[in-house]
Amino acid sequence: MSMTISAARSPELAELLGLQPTGVIRWGLGRTRTMLHAVGRPHMAFRSLHVGGTNGKGSVAAMLASVLGVAGRRVGLYTSPHLLDFRERIRIDGFPVDDALLSAAARRLRPEAEAVRGTFFETATALAFLCFAEAGVEFVVAEVGLGGRLDATNVLLPEIAAITNVAWDHADYLGNTLAAIAREKAGIVKPGVPLVLGRLDPEAGRVVRRHAEGVGAPLLQLGYDAAVRRIRIGREYTEFGYMGPDADRPIQLRCPLLGAHQAWNAGLAALALESLPNEYRPTADEIGLGVAGVRWPGRLQIERRRDRTWVLDVAHNLVAVEALAQSLTSLDLETPLALVVAILGDKPWPEMLPPLLALADISIFTVAPSSPSDRWWDAAAVAETVSTYPVEVIVDFEAALERAAEVAATVVVTGSNHTVGDAMKLLDIPVGLPGGRRAG
């Protein structure tokens with residue numbers, strides 16, 4: 001990922017992360033633990049909630065942080081990747097981490113990161129936890145980066161673990177069967193730590209439940225122990241009812257993140273929050289306010305720019321694309337509709353494209369300039385494989401956006417975080433905040 005790590009804003013951060021190779025994955029928790037222990041074990045200074053899964057984990061994490069903030073807690077939120085600015089990954093009370101705090105933490109961590117030769121993600125994770133401890137947060141909501149069992153965030157001993165779903169993604173790292181991927185995701189489950197599950201494929205569900213039983217983790221699952229009902233999707237909100245494990249009647253929730261999948265994400269967040277110990281458990285009103293106040297950019301985000309409607313979504317695998325396509329059919333969008341898509345070449349684009357191409361009056365294949373050049377797809381060659389659809393190839397990203405705006409009333413931009421981040425920058429769309437209590 002192209003890192004917008006400004007040397008002017010934080011030369012210490014730029015130097016620290018500039019040492020670490022991006023895109024390198026080395027399994028194991030040892031390097032992360034060594035860095036954290038060397039700077040005083042900051043990951044032990046706060047309570048945490050750990051969110052894994054294939055899709056939706058960032059949305060669930062943002063919702064959890066938003067609700068905890070509304071409930072009066074000082075909250076850190078750690079997510080990845082970012083869209084425009086590295087500081088999006090590390091938020092405190094809804095705001096990107098302060099430059100001075102980030103620089104001081106980077107300066108303190110640098111010799112430890114150099115000593116263990118931590119990867120980019122391992123170093124970023126240790127840096128985030130150090131920032132949170134220095135800021136005195138009460139709770140941290142941490143999103144798993146990749147997999148779970150050997151992910152750097154798995155050094156945490158959380159109050160709650162959540163797994164949103166298990167689907168095909170990163171099979172080259174996690175395994176070539178759904179069961180193998182599920183085993184890696186289930187690696188965040190720890191003895192005695194309650195686990196909440198979203199809707200899982202039966203095979204994956206069996207693997208995760210078996211693992212939870214094996215380590216003695218109490219388990220609740222959305223769809224069995226709690227329910228989401230009567231989902232209504234509009235241009236501004238997703239509305240639905242949530243029925244918790246001990247509720248007499250459902251509570252009505254309104255979420256600004258659009259799509260039926262976001263109702264299920266919010267339901268999982270509510271179930272996780274209701275599973276916290278009594279002294280930390282938010283009220284139903286606080287859950288409602290927190291879900292209503294969440295902000296999570298690039299997820300079916302609708303904006304008006306250049307006298308056109310723009311829909312931006314970071315869908316980067318088949319499940320996410322199917323959710324996007326289903327949501328687009330539920331919205332009353334102006335036509336004609338153009339699709340601007342740039343998918344990384346190592347993603348399953350032959351399966352991802354048809355659900356989207358079927359909805360578009362014209363599709364434009366391009367390349368996101370911030371994406372690693374060794375992962376670019378061959379847009380022209382891909383276009384030849386879908387010649388039954390109206391497709392144009394415009395490799396220059398800005399020109400692709402301009403062409404879409406010329407021919408369509410609604411432009412859908414999707415394919416990866418790079419694609420959406422680059423579009424937001426060109427269209428001057430701010431990243432925004434994930435909600436929750438304001439600092440100060």
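Here are a few things to note about the model shown:
- Residues of region 381-395 satisfying the condition of being closer than 14 Å to residue 343 by Cα and outside any helix (DSSP H, G or I): 393, 394, 395
- Of the residues in region 359-373, at least one is at pLDDT 95 or above, within 16 Å of residue 320 (Cβ to Cβ) and either assigned to a strand (DSSP E or B) or more than 21 Å from the chain's Cα centre (by Cα) (or both).
- Residue 385 falls short on exactly one of the conditions (1) touching a residue at least 60 places away in the same chain (Cβ under 8 Å); (2) touching a helix residue (DSSP H, G or I) at 6+ places or on another chain (Cβ under 8 Å); (3) hydroxyl-bearing (Ser, Thr, Tyr), and that condition is (1).
- Residue in region 67-82 that is basic (Lys, Arg) and within 15 Å of the chain's Cα centre (by Cα) present: no
- Applying the criterion of being assigned to a loop (DSSP other than H, G, I, E, B), at pLDDT 95 or above and among the small types (Gly, Ala, Ser) to the residues of region 396-433, the residue that is farthest from residue 373 (Cα to Cα) is 409.
- Entirely in region 222-325, the strands (runs of 3 or more DSSP E) that have 3 or more residues that are more than 26 Å from residue 424 (Cβ to Cβ) and aliphatic (A, V, I, L, M): 227-233
- Every condition in (1) crowded, with 16+ Cβ neighbours inside 10 Å; (2) in contact (Cβ under 8 Å) with a residue 60 or more places away in the chain is met by residue 349 except one, and the failing one is (2).
- Restricted to region 138-155, and to residues there that are aliphatic (A, V, I, L, M) and surrounded by fewer than 24 Cβ atoms within 10 Å (Cβ to Cβ), the residue that is nearest to the chain's Cα centre (by Cα) is 146.
- In the condition set (1) surrounded by fewer than 23 Cβ atoms within 10 Å (Cβ to Cβ); (2) farther than 23 Å from residue 190 by Cβ, residue 213 is compliant with all but (2).
- Taking region 352-375 as the range and being surrounded by 14 or more Cβ atoms within 10 Å (Cβ to Cβ) and hydroxyl-bearing (Ser, Thr, Tyr) as the test, the residues that pass are 363, 366, 370, 371.
- Hits in region 191-221 - residues which are in a helix (DSSP H, G or I), more than 14 Å from residue 162 (Cα to Cα) and not basic (Lys, Arg): 202, 203, 204, 207, 213, 214, 215
- When 269, 247, 260 are screened for being over 30 Å from residue 152 (Cβ atoms) and in contact (Cβ under 8 Å) with a residue 40 or more places away in the chain, only 260 passes.
- Only residues that are surrounded by 20 or more Cβ atoms within 10 Å (Cβ to Cβ) and either acidic (Asp, Glu) or more than 25 Å from residue 53 (Cα to Cα) (or both) were counted across region 74-90, and they come to 1.
- Every listed requirement among (1) closer than 30 Å to residue 288 by Cα; (2) modelled with pLDDT of 95 or more is met by residue 85 save one, (2).
- Positions within region 91-112 being among the basic types (Lys, Arg) and crowded, with 20+ Cβ neighbours inside 10 Å, in sequence order: 91
- Test: residue 279 is charged (D, E, K, R), in the same structural domain as residue 54 (by TED's automatic domain parsing) and crowded, with 17+ Cβ neighbours inside 10 Å: no
- Condition check for residue 263: of a type in the set (A, V, I, L, M, F, W, C), under 17 Å from the mean Cα position of the chain (by Cα), under 15 Å from residue 68 (Cβ atoms) and not assigned by TED's automatic domain parsing to the domain that holds residue 330: no
- The condition (being crowded, with 23+ Cβ neighbours inside 10 Å, among the hydroxyl-bearing types (Ser, Thr, Tyr) and more than 25 Å from residue 187 (Cβ to Cβ)) is satisfied by just one residue among 66, 59: 66.
- Qualifying residue in region 54-65 (condition: of a type in the set (Lys, Arg), assigned by TED's automatic domain parsing to the domain that holds residue 165, at pLDDT 95 or above and more than 30 Å from residue 177 (Cβ to Cβ)): no
The values are calculated or read from the model by the stated rules, or taken from the named source; none is laboratory data. None of the values given here were measured: they were computed from a predicted structure. So basically every Cβ, Gly included, is an ideal-geometry build from the backbone, and we count neighbours across all protein chains shown.
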